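Any read-out appearing in this document is the output of simple, stated calculations on the displayed coordinates, not a laboratory observation. On a predicted model such as this, the values are computed, not experimentally measured, just so you know. FYI the Cβ positions are ideal-geometry reconstructions off the backbone, even for glycines, and counts take in every protein chain you see.
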Amino acid sequence: MKRNLAYLQKCKSAQQPIVCMTAYDAAFAHWANQADVDVLLVGDSLGMVVQGHANTLPVTLEQMIYHAQAVQRTNNQAWCIVDLPFMADSQLSQTLENSARLIKEASADMVKLEGGQRVIPAVRALSDLGVPVCGHLGLLPQSVLKKGYRVQGRDEEAAEQLLADAQALEQAGADMLVLECVPSRLAERISQRLTIPVIGIGAGSNTDGQVLVVYDLLGLTPGKLPRFSKNFLTDAGSISQAMMDFTQAVRSRAFPAAEHEMAD
């Protein structure tokens, strides 16, 4: 069954964890479908795990379209979110034009924007035009040069700001939210306050779903894995089985476990 927003909303209402993983090409999208993944994220993380850059900043809109097209050629089941890359949403008119390209040329089901108050006008405008939008709060990879790769929302003031931003995004018309690298109690609080699905990465087990970079969950990323990730290929024996094990672990809430949570 092709996933849609109504299905994902039902998952939240039924407290059935939503399974999400990144995909950047047709092969991984195919096997993710076989593993019954609910959501595929064509993330600008491809700049690091596919292209070998130190961060996501060099990724272009043309590259996002290219990779999303490849994913959508074999994806016949999962809801597909595509990132607007760095500086592709710096002006409202530019955001609308680039989002339209992701929908028209890349067959994206949803576009994702990083940030809180800054992106509210764009979220509202896109929603008014009928474009599904996913917000992204917490650790913002596109802001790495200024904020670094650090857990966000640890102190009370920062936590309240993240909650306020999440609620503002929902009120502006966002249909989903990704929370990256925030304390688990804060992520749970935000998930409970919002009516839209909240997908966590490094945000504990009490969000409405989980996402991992596929290269991380298969142990393909060079160097040390992030604390919030797990190599599911180690015990699986095949890529397809590793993806199925990830799906099962998320749906049973076996993943993430306590050792994958970020400290409060």
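Please state the equivalent ellipsoid semi-axes for segment 141-207: what are the square roots of 5 times the Cα gyration tensor eigenvalues, largest first, in whole Å? Walk me through the numbers before you get to the answer.
On the way: eigenvalues 65, 37, 28 Å².
Values for segment 141-207, descending: 18, 14, 12 Å.
Hey, got the dipole for segment 5-260? About the Cα centre, +1 on K and R Cβ, -1 on D and E Cβ, debye to the nearest 20? Intermediate values should be presented prior to the final figure.
Working: 20 positive and 26 negative charges, 51 e Å.
Rounded to the nearest 20 debye, it is 240 debye.
Relative to the current alpha-carbon distance between ARG73 and GLN91, full extension at 0.36 nm per residue lengthens the span by 3.4 nm.
Sorting the segments 236-246, 212-222 by their residues' average number of neighbouring beta-carbon atoms within 10 angstrom, most packed first, yields 212-222, 236-246.
For Cα pairs less than 8 Å apart in space and 6+ apart in sequence, what is the mean separation divided by the residue count of the chain, i.e. the relative contact order in percent?
It comes to 19 percent, rounded to a whole number.
With Cα atoms as the point set, the radius of gyration and Dmax of the chain evaluate to 16.7, 48 Å. The distance linking segment 157-212 with segment 98-125 is 18 Å (Cα centroid to Cα centroid, whole angstrom).
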